[in-house]
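Structure, as structure tokens:
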Amino acid sequence: MHSHIPTQSYGILLKESADNFLDLAAEQVRSLGYAVIPSGISADALTSFQMDFDSNHIQYIEKYGLDTLASIDELNTVRAPLTHGPKSFMQIATNEKLLSLVGKLILGQVILNQQNSIINPPQKNYNQGAWHRDLPYQHFTSSSPIAINAIFCVDDFTKTNGATFVLPASHKSSKFPSLDYIKKNAIQVEANAGDLIVLDCMLFHAGGFNSTNVARRGVNHVYTIPFFKQQINLPDNVDPDQLSEEEKKLLGFRYSEPKTISDFLNKRPKI
């Protein structure tokens with residue numbers, strides 16, 4: 001049986017080109033809604049970040065209370081860790097390869113809308129295990145992406161520990177598909193620790209069930225056009241003196257809502 005994928009074509013006037021792995025990833029996100037890329041983080045830096053992740057999670061629970069977080073179904077999430085965690089969280093959010101890919105997908109200006117640490121607990125259901133978009137409650141399509149989701153894999157994402165399920169190309173359809181369609185077309189995206197799973201935010205996806213005895217960890221980022229309100233106001237929760245101009249721009253310092261008409265006018269660029 002001949003198994004080679006054809007490479008020749010005819011009758012084609014327009015075609016995509018991919019000069020490198022980021023171009024190929026961008027093409028796949030636009031077409032299928034997802035791709036996996038290496039972050040380029042070293043093994044030592046990954047080990048260090050894994051420790052940062054765990055210590056930040058412990059401090060978060062100590063600050064906000066185990067019972068309180070459990071009562072509002074927030075026990076497996078750490079909100080905006082770059083505002084209260086080690087510098088490594090900012091380094092992940094500003095990863096060069098990731099931002100380069102986001103820049104290929106979103107036209108114009110981009111801000112970081114949110115960053116959340118996510119823990120997929122062993123042998124338990126959790127809130128990210130339900131199908132959703134990362135622009136929830138929205139039912140529309142756009143000709144080019146307006147929001148990109150990037151999950152940094154703190155651990156290997158495998159089928160047994162609940163790797164993310166996706167519905168390929170569902171970012172192109174306004175409606176949530178039928179259960180039979182989901183059963184037939186959902187696929188699980190496996191990735192190595194240190195990889196980034198990049199999704200169009202309108203792609204339906206869900207965390208899988210972790211059947212192992214160890215939690216599976218990830219850090220989710222959402223990058224959007226500046227017209228979207230941030231999940232948590234990042235400029236009000238970080239020290240600008242510790243940021244570069246590019247970091248300030250990414251965190252939305254230039255795009256905070258003007259409080260008055262005078263504030264709006266003063267922020268307008270001069271002709």
Using only the Cα atoms of region 21-249, what semi-axes does the equivalent ellipsoid have when each is the square root of 5 times a gyration tensor eigenvalue? Give whole Å, largest first.
25, 22, 17
Scalar couplings 3J(HN,Hα) for region 113-120 by Karplus 6.51 cos²θ - 1.76 cosθ + 1.60 (θ = phi - 60°), nearest whole Hz, x for Gly and Pro, are 7, 6, 9, 9, 7, 10, 10, 8
Ordering of 178-190, 245-257 by burial proxy (mean other Cβ atoms within 10 Å per residue, highest first)
245-257, 178-190
Once the piece of chain linking F21 and S244 is laid out straight, how much longer is it, given 0.36 nm per residue of separation minus the C-alpha distance between them?
77.5 nm
I'd like the Karplus ³J(HN,Hα) series for region 153-169: coefficients 6.51, -1.76, 1.60, θ = phi - 60°, whole numbers in Hz, and an x wherever there's a Gly or Pro.
7, 6, 10, 4, 9, 10, 5, 7, 9, x, 3, 4, 8, 9, 10, x, 6
Packing-based order for 76-88, 142-154, using average beta carbon neighbours within 10 Å, highest first:
142-154, 76-88
Taking only Cα atoms of region 171-258, radius of gyration then Dmax in Å:
17.9, 53
Connecting every pair of Cα atoms under 10 Å apart in the chain and solving the GNM, the largest mean-square fluctuation among Q230, Q123, Q114 falls on Q123
So, with a 1.4 angstrom probe, what is the percent of accessible area on the chain that is carbon and sulfur?
53 percent
Using a Cα-Cα cut-off of under 21 Å, which lysines could be cross-linked to K249, ignoring same-chain neighbours fewer than 8 residues away?
K87, K97, K104, K229, K259, K267, K270
Using alpha carbons only, what's the Rg to Rh ratio of region 72-122 with Rh from Kirkwood?
1.05
Quick one: what are the phi-derived ³J(HN,Hα) couplings along region 213-222, Karplus 6.51/-1.76/1.60 with θ = phi - 60°, whole Hz, x for glycine and proline?
9, 10, 4, 9, 10, x, 10, 9, 10, 10
With every protein chain present, what is the per residue accessible area of region 21-249 (1.4 Å probe, Å²)?
48 Å²
Considering Cα pairs under 8 angstrom that are at least six residues apart, work out the relative contact order of the chain and quote it in whole percent.
26 percent
Leaving ligands, DNA and RNA out of it, rank Y34, Y137 by accessible area with a 1.4 Å probe, largest first.
Y137, Y34
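The values are calculated or read from the model by the stated rules, or taken from the named source; none is laboratory data. Since we're looking at a predicted model, the values are computed, not measured. Every residue, glycine among them, receives a Cβ derived from its backbone with ideal geometry; neighbour counts consider all protein chains shown. Surface accessibility is based on the protein's heavy atoms, side chains included, excluding ligands, DNA and RNA. Shrake-Rupley method; radii C 1.70, N 1.55, O 1.52, S 1.80 Å.
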